[in-house]
Structures are given as C-alpha cells and as structure tokens.
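Computed from the coordinates by the stated procedures, all read-outs in this text should not be read as laboratory data. Keep in mind it's a predicted model, so treat the numbers as computed, not measured. Methodologically, a virtual Cβ is constructed for each residue, glycine included, from the backbone with ideal geometry; neighbour enumeration extends over all protein chains shown.
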Amino acid sequence: MKYRQILYTVLLGCALSGLFPLSARGIVLTGHFPVQQGRFWNFTTSGSTELSTWAVNGNFMQRGVGDVFVLMQDDGRFLCLRSEWKGLTVYGEYGPEGYLIPEKPLLFLPREMDIDKPVSFEVDMRVYSMPPGGGTFRETGKRKRGVTFRLKSIEDMTVGSRSVRNCVVLEKTVREEGVERVETLWLVPTMGPLKRSVKTNAHETVYTLSSYAGPGIRRPQRFDVEAFFPLRPGSIWTYTAHDGKTCTISTQDNVTVDGLETTPYVVSIPKTLNPNDAFYYAHTPEGLVLPQIYRSAMQGCTVFYHPYSPVTVLPKSLVLGERYSSTSYPKICRWPSRTPSLDYFPEMQYVSIPVVIEDVTVPAGIFKDCLKIALFSISRSFNFKMEKIRTGYIWLSKDKGMVKQELIQVRNYFLPQRIHEISGVNIWDLAKLELPKPDNG
C-alpha cells in the first residue's frame, strides 16, 4: 500500500512538472484567453501606423440573455461575450451599421480541444439594422454562418526574454455568404493572443502583439488628465465624421455649478436627437468630473444632488493599463430651474482604461504621443426600462484634447417587445483645431 502511494506521488509530480504530460494531444484553452475586466491587447499591423486594440471593458444586461461583458475591437465594433462551460460564447456582434444576434450561443473559443478533433457547427445570425429610407431598428435579414475550430499545435513560444510552455496555435474558419475567412491565433497561457493572422481570399493581415495588460502587471506610466483634457473657454474642435458630416465641440465661458467652476463642453452633431448637448466638466482632485449635463432634445438637465457626488469621467492620474470606474446617481431636472421633474435616480457609470501611447494622423495633422483610452459608459433608467451604452476608444493629445474617437452608442431596452438599437456612431477625426490665445495679462 505504501509503495502504491509513493508511485502515485511520483507520477503526479512528473505530470505537474511536465515530465509526464497529462495529455499529448489535447489541452484546456480557458486560461489561454483571460477575460477579466481591464484586460487588453495592442497589435501592430503590416502597412499601418495605427495600433489595433482588443479590450475587455464593461458589461450590461442583454435582452433575452442576461449579463454579458464587452470585448472592444476596432472601428466602433464590439462583441458581447459570456464565459460558459463549453467556452467563451458570443451573444452579439455590434458595429456602426447594425448588429447580429446568433439564434443559439456562438462559440468564440472552445473550453477544451484535441489536435485530431476539429469542432464544427452552423448557426443562423439574425441581422438588425435601420431599413433603407429610415424608420426604426428592426430585423432586416438572416445569415447562415459555418464555423470550424482546429487545434493546429501545442508548442513552446518565446515572449520577450522568456520561454513559455503549452502555448497553442488555433485556427478558426468562418464561412458566411460565400466568403471564407481564416483566422489563426497564437495563444499564450495567462496572457492571451501573441499573434493573429486573418486571411480572406488571397488577402492576409498579420497582427503582432506590441503590449498588453491585466491584473498583476506593473503600471509605471502616469499622466495628468488636466493636461490631456484641457478646459479652456473659447476652444473649438472641428471633426470629420465617418459619413462625411462635420461635427464640432466648443467650450464656453465658465459657469459655477454646485460650487464647482465648470466649463460647458458643447457637442454639436447635426440632424440627431441631441444636436447641441452641453457637458459641464470640471477638474477636481478626483479627476475630470461631470456635475451637470444639458440635454437639448428634452430641454432638461442631469444634476447630482446630495448625497451623491458628480460622476468622475476620467481619474486625476491616468495610469497606463489601469482600469478606473466611477458610478453615481443623478436626477433628471427641468431647465433652467434645475428642479427635479421625476422622482427617481437613474444610474450613471464611466469606466476607462488607458491602453497605449501612440502617434495619430488625422486631417488636422500628426499628433505625437497621444493617449489612447478604452472608454465605456452606461446610463440606466430603471423607470424607463432602458439603458444607454457608449463604448469604444478616444485619443487625447497633450494640451490639445481629443483628436480622434471611435465610439458607438446603443439603446438597450428592458422590454420584450422592443429591440435595442444603434443610436449613435461617433467615428471622428480632427479636421481643425482653434485654441484661444494665452492670456498674458
């Protein structure tokens, strides 16, 4: 009996140390794509100076599903994911033109795979968009998607100066509407994708990891939000939107709001539900706070009354790789009296992650060392049974402010008869910057 216990102990020790592999052909992939809030990956691409970023930031209640988390991607796109027993599953794919909902959960990454056992399936994707000629968001089509996962190899990979064992090369083939797309992922345990390759027909794009972050990773770089989000009255930022429209942001003379010296930040977007909203920002020891919002469409305002403090949009110290979250409960009030119009408290949350420093080229010029921030915000109106979600990236230039943004806005309804909709697409590049002359007086 004692001999058997000793033999079992030796074999188990060998297995755990890798001398006696537990499986020569299969592997659990769960730890190869960590999805804790705050995780992100920056990739360089051949032929492009801009970085591609994936970021896990934010969560909300998706209609008919429950709680999902957001995986931000590029160009205002994001996925809604859940961690389930069979793996990471997709419950929604969102972009500027609309969104797709699978009729059954769609695998993003299987929990476990064997080298000689591909995983294949088909799923119908319901398409939701604005119909031609306008109207309201509705189901406008259906696509059949075929997916095949293949575990190509289990191998050692070099990450910086260290060698990591049990990394995997995973191939994902997607067939949809006559187009085949092959994506290959090189995944490292606890770290995620080291490299990605996307091939469609004869065209291939390779994404190589340049930086990443998550829990436990050192964060040495810090930046003052006041320098990257200046509030100087008389500033005008003119942007070119993705659809060719011209949008502007202007700062007006300072106004005292509940004891804070604020700067009205007026966002002008032609032909929208809220054409001239004003955000009253202030820099405080907590960071960039938002004590008041004027809503032009409803001729009302959002105010934070005691005991609630104004929500903090960005922290005082922007730390590269550090996730910051602020939640508060404003009241909806009449304008300009600021008297409450409804006796309830919606919930407002802002979540941000500075992900990288990079140069940005826009029509207004080249801006060096901009801070790219993954931004998620949500305003929940429980009495109205809806929430407004905004997610994507902004680029801030020191002393200049926002030079670029890729944000998408979604109205998510808590009503079974009402589908959610893309309510705004802000993909803007700075075209002109007008800053007030310094006061030498």
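For the stretch 151-249, state which trypsin sites (Lys or Arg not before Pro) are in a DSSP loop and have at most 11 other beta carbons lying within 10 Å of their beta carbon.
Arg218
With Kirkwood's inverse mean 1/r over C-alpha pairs for Rh, give me the Rg to Rh ratio of the stretch 26-213, two decimals please.
0.96
Sorted from largest down, give the three principal axis spans of the alpha carbons of the stretch 339-441, whole angstrom values.
52, 35, 23
Once you have a ≥ b ≥ c as the square roots of the Cα gyration tensor eigenvalues for the stretch 318-393, tell me rounded if a/c is under 1.5, and otherwise prolate or oblate according to whether a/b is larger than b/c.
Because a/c hits 1.5 or more and a/b exceeds b/c, the stretch 318-393 counts as prolate.
222 nm [θ] for the chain, helices only, -39500 (n - 2.57) per DSSP H run of 4+, per residue, to 500?
Result for the chain: -1500 deg cm²/dmol, rounded to the nearest 500.
For the stretch 164-251, max minus min Cα coordinate along each principal axis, in Å, sorted largest first?
54, 41, 16
Roughly speaking, what is the centre-to-centre gap between the stretch 382-409 and the stretch 42-59 when only Cα atoms are used, to the nearest Å?
For the stretch 382-409 versus the stretch 42-59, the Cα centre distance is 17 Å.
Relative contact order (percent) for the stretch 26-213, with alpha-carbon contacts under 8 angstrom and 6 or more residues of separation?
Relative contact order, the stretch 26-213: 19 percent.
Hey, can you grab everything whose amide H is under 5 Å from the amide H of Ser235? Only 5+ residues off in sequence or another chain; H modelled, so Pro and N-termini drop out.
Thr251
Which whole-Hz ³J(HN,Hα) couplings does the stretch 396-408 yield from phi under the Karplus relation 6.51 cos²θ - 1.76 cosθ + 1.60, θ = phi - 60°, glycine and proline marked x?
10, 9, 4, 6, 10, x, 7, 9, 6, 8, 9, 10, 10
So what's the projected area for the chain, the Cα convex hull averaged over all directions, in nm²?
27.2
Are there trypsin sites (Lys or Arg not before Pro) in the stretch 267-343 that DSSP puts in a loop and that have at most 10 other Cβ atoms within 10 Å, and which ones?
Loop-located and lightly packed - Lys271.
What GluC sites (Glu not before Pro) in the stretch 158-215 are in a loop by DSSP, with at most 15 other Cβ atoms within 10 Å of the Cβ?
Glu177
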